[in-house]
1. Could you identify the single residue in Thr240, Thr282, Thr186 that is of a type in the set (Ser, Thr, Tyr) and surrounded by fewer than 16 Cβ atoms within 10 Å (Cβ to Cβ)?
2. Cβ-Cβ distance below 7 Å, separation of 6 or more or different chains: which pairs start in the stretch 178-199 with a residue that is closer than 19 Å to Thr53 by Cβ and without any contact (Cβ under 8 Å) to a residue 60 or more places away in the chain and end on one that is assigned to a loop (DSSP other than H, G, I, E, B) and away from the ligand (no atom under 11 Å from the Cβ)?
3. From Ser140, Ser166, grab the single residue that is part of a loop (DSSP other than H, G, I, E, B), within 21 Å of Asn260 (Cβ to Cβ), within 15 Å of the ligand (Cβ to nearest atom) and open to solvent by less than 10 Å² (accessible area, probe 1.4 Å).
4. Can you tell which of Arg264, Arg252 is in a helix (DSSP H, G or I), out of contact with any Asp or Glu (no Cβ under 6 Å at 6 or more places or on another chain) and modelled with pLDDT of 95 or more?
5. May I ask you to list the residues in the stretch 95-133 that are within 16 Å of the ligand (Cβ to nearest atom) and farther than 15 Å from Leu291 by Cβ?
6. For the structure I just gave you, tell me whether Pro171 is modelled with pLDDT of 95 or more, under 28 Å from Arg298 (Cα atoms), touching a helix residue (DSSP H, G or I) at 6+ places or on another chain (Cβ under 7 Å) and more than 10 Å from the ligand (Cβ to nearest atom).
7. Residues that are part of a helix (DSSP H, G or I), exposed (fewer than 14 other Cβ atoms within 10 Å of the Cβ) and of a type in the set (Lys, Arg): does the stretch 335-344 have at least one?
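The values are calculated or read from the model by the stated rules, or taken from the named source; none is laboratory data. What you see is a predicted model, and the numbers here were worked out from it, not measured in a lab. All Cβ positions, even for glycine, are placed from backbone atoms using ideal geometry, and neighbour counts span all protein chains on display. When the accessible area is computed, the model is the full protein with side chains, heavy atoms only, and any ligands, DNA or RNA have been set aside. Shrake-Rupley method; radii C 1.70, N 1.55, O 1.52, S 1.80 Å.
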Amino acid sequence: MTSRDRLLMGPGPSNPYPEALAASAQPLLGHMDPAFLQMLDETNAQLRRVFGTSNEVTFPVSGTGSAGMEAVFANWVRAGDVVVVGVNGLFGERMCEVASRYGAEVVRVDHEWGQPLTAERILSAHPSPSLIAAVHAETSTGVRSDIETIGANKGDALLVMDCVTSIGGEPLEVDGWSVDVAYAGTQKCLGVPPGLAPLTASPRAMERRVERPTSWYLDIGLIAGYLNGNERAYHHTAPTSMVAALHGGLGRIHGEGLDNAFARHALCGGVLQEGLEELGFTLFASAGWRLAQLTTVRLPEGLDETMVRHALLNEFDIEIGNGVGQFAGRIWRIGCMGNTAQLRNVKAFLGALESLL
Ligand SMILES: *Cc1c(COP(=O)(O)O)cnc(C)c1O
């Protein structure tokens, strides 16, 4: 089998940092090995810094970003609880679906795709929700939303934030924005292969979690027994090579400096968006709310998008993403996250695309 060296410019996975790949290729450690447990503790400390939190309960859930989403609703929804969800894309829709499977009475606040969430509409959707959930960076549309305003006015509700596409690529302030539970993923701006879902929960959230969740595997109370340095109670085998990769990727990001990593993503996204406009594309996401790490463009009439996308992959080894849902075939999603976020990659993509138009 031939291995292909792809430039991953879709909505994730991104190209991983070499430090992440090298770490996962080290000899395997057991999940009870003190050397591994130290690596896990360091990883959790590194995660607190990218989340912007001092929450003790901060760790990588085993599974991809959606496992983090599932863990949230499994641990914080009781049958009949009112959960207000801001929806402006696919991942908001997915939160509604997952929450409802755990018995939530979902109050869905729909917004036009491509527009940010409106805090006032979400806050006035129900007088006393138990949970409010919102996506910080909607990967299906390339839009950022203001979580801080929701957090400042959330009342007694717990605030849940999906930051799968923002973590490691732009500033997050879980504590500063009054977020109670946040989950993320490794394969976007953290520049680590897919397989873990970093999660953080405030002391207030830990007090209000479900005592005995329907999901045994994702039970935060049981997992906390393993994370706790005194107990280290076996729950399930930690995916040790994945944690090593995350440790390596986070080490790289903190070595570069968080602000430098954010600036690199911002620069690449800016050059990419300018270049696409010069090629005649129209940006899709609402101005002022555009993500640098995930760019969306409308496809012009007459462009054979499948042909061009496949030629990018087959002739140039460059992967980009199609739109999803009603926007499949109508927009493209071009990611510039993690180790992909380098100017030379942006220029290579723009040059390849120009040659195919
Ligand atoms: C990618 C993504 C997810 C889901 O993550 P998976 O790793 O695909 O399970 C959830 N939310 C957002 C905003 C995402 O971009």
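1. Thr282
2. Ser178/Lys154; Asp180/Ser202
3. Every option except Ser166 fails the conditions.
4. Just one listed residue meets the conditions, Arg264.
5. Once the filter is applied, which keeps residues that are within 16 Å of the ligand (Cβ to nearest atom) and farther than 15 Å from Leu291 by Cβ, the stretch 95-133 yields Met95, Cys96, Glu97, Val98, Ala99, Arg101, His111, Ala133.
6. On the way: modelled with pLDDT of 95 or more: yes; under 28 Å from Arg298 (Cα atoms): yes; touching a helix residue (DSSP H, G or I) at 6+ places or on another chain (Cβ under 7 Å): yes; more than 10 Å from the ligand (Cβ to nearest atom): yes.
When the stated conditions are applied, Pro171 passes them.
7. Yes, the stretch 335-344 contains a residue that is part of a helix (DSSP H, G or I), exposed (fewer than 14 other Cβ atoms within 10 Å of the Cβ) and of a type in the set (Lys, Arg).
The rows are residues; the columns are (1) open to solvent by 10 Å² or more (accessible area, probe 1.4 Å); (2) in contact with a Lys or Arg (Cβ under 7 Å, 6 or more places away or on another chain); (3) closer than 30 Å to Leu158 by Cα; (4) among the aromatic types (Phe, Trp, Tyr).
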| residue | (1), (2), (3), (4) |
| --- | --- |
| Pro16 | yes, no, no, no |
| Pro34 | yes, no, no, no |
| Val61 | no, no, yes, no |
| Phe91 | yes, no, yes, yes |
